[in-house]
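The values are calculated or read from the model by the stated rules, or taken from the named source; none is laboratory data. This one's a predicted model, so the numbers in the text were calculated from it and none came from an experiment. So basically every Cβ, Gly included, is an ideal-geometry build from the backbone, and we count neighbours across all protein chains shown.
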Amino acid sequence: MPSEGYRKYIFVFIITSVIFFTAFSISNYSNEKRIQNIQSIEDKIALDLLSSETQFNLLKELSCKAIDNSVLSQELNSIAEKLTYAEENLGVDNPEVLRLKKYYSVLEVKDYLLMKQVDQKCKQKLIFILYFYSNKGDCDDCKKEGYVLTDLREEYPELRVYSFDYNLDFPIIKTLQMVFKLKNTLPAIIIGDEIHYGFKSREEIEKLMPILAKLKAEREKAQRTANSTTTTQKKK
């Protein structure tokens with residue numbers, strides 16, 4: 001009969017094998033779920049991209065009165081949320097995440113070109129910022145700059161911010177770098193034809209874009225007028 005020590009080794013081997021195969025099964029299941037999840041995101045983004053391309057073509061033919069600027073950004077915001085989710089769950093270097101980012105970059109450039117046309121045609125007072133960042137761990141201020149730009153975009157509906165990964169190996173990104181003669185000094189924001197390198201606070205960006213203060217003053221004046229009208233109507 002096997003000795004007590006031998007039985008102990010067999011018991012440990014069995015327990016270890018069970019733990020190993022359980023962990024292996026869980027890992028496989030987790031990976032399958034992650035793959036299914038990313039495939040679902042890809043399918044949704046592909047549909048969003050097709051929908052946006054069609055929408056952009058329609059908007060080119062519409063009159064200025066028919067164009068609602070808030071609608072145009074819905075697809076971009078939706079895809080940005082999916083991309084952020086994918087980066088956080090799969091990693092910034094994941095091949096599928098990089099492919100999603102390329103989809104997003106294409107859509108951003110298409111939106112940027114269209115809205116430049118809309119701005120010229122309809123005089124909508126749109127403002128554009130192109131933002132270049134890196135998430136490879138070599139740009140401590142990039143995430144902080146992203147928060148500043150998101151905050152500004154939420155306050156100023158007229159402001160459109162387009163974010164691009166400087167290190168993304170993609171012809172569109174390379175073309176943007178060439179067109180603007182962009183250096184690898186990040187974060188970098190482009191306002192009009194001027195490039196500004198390094199972190200810029202909210203106050204610094206507002207100084208660089210005096211039109212923001214003008215738009216804010218106009219909005220506050222309109223709000224005061226609306227409040228005054230409402231108060232007068234209530235008194236009647």
Those residues that are of a type in the set (A, V, I, L, M, F, W, C) and either surrounded by fewer than 16 Cβ atoms within 10 Å (Cβ to Cβ) or under 17 Å from Gly146 (Cβ atoms) (or both), I need them from the stretch 182-197; list them, please.
-> Leu186, Ala188, Ile189, Ile190, Ile191
Mind listing just one residue for me: the one in the stretch 101-120 that is farther than 15 Å from Ile79 by Cα and among the aliphatic types (A, V, I, L, M) and, of those, modelled with the highest pLDDT?
-> Leu113
Hey, could you check the stretch 129-173 for residues that are of a type in the set (A, V, I, L, M, F, W, C) and touching a residue at least 60 places away in the same chain (Cβ under 8 Å) and say which is nearest to Lys101 (Cα to Cα)?
-> Leu168
Across the stretch 165-221, what is the number of residues that are among the basic types (Lys, Arg) and in contact with a Leu (Cβ under 8 Å, 6 or more places away or on another chain)?
-> 2
Filter result for Lys200 (over 18 Å from the mean Cα position of the chain (by Cα) and surrounded by 13 or more Cβ atoms within 10 Å (Cβ to Cβ)) = yes
If you scan the stretch 83-112, which residues turn out to be of a type in the set (Ser, Thr, Tyr) and either touching a helix residue (DSSP H, G or I) at 6+ places or on another chain (Cβ under 8 Å) or buried (at least 17 other Cβ atoms within 10 Å of the Cβ) (or both)?
-> Tyr85, Tyr103, Tyr104, Ser105
Can you name every residue in the stretch 178-198 that is in contact (Cβ under 8 Å) with a residue 40 or more places away in the chain and under 16 Å from Asp165 (Cα atoms)?
-> Phe180, Leu182, Leu186, Pro187, Ala188, Ile189, Ile190, Gly198
So, first residue under 16 Å from Ser105 (Cα atoms) in the stretch 81-95, second residue surrounded by 10 or more Cβ atoms within 10 Å (Cβ to Cβ) and not acidic (Asp, Glu), Cβ within less than 6 Å, six or more apart or across chains; the pairs are Lys82/Ile41; Leu83/Leu100; Leu83/Tyr104; Ala86/Ile41; Ala86/Val97; Ala86/Leu100; Glu87/Val97; Val92/Asn135
Out of curiosity, is Asp138 in a loop (DSSP other than H, G, I, E, B), charged (D, E, K, R) and assigned by TED's automatic domain parsing to the domain that holds Glu194?
-> yes
Just one of Phe128, Phe164 is within 28 Å of Asp93 (Cβ to Cβ) and at pLDDT 90 or above; which is it?
-> Phe164
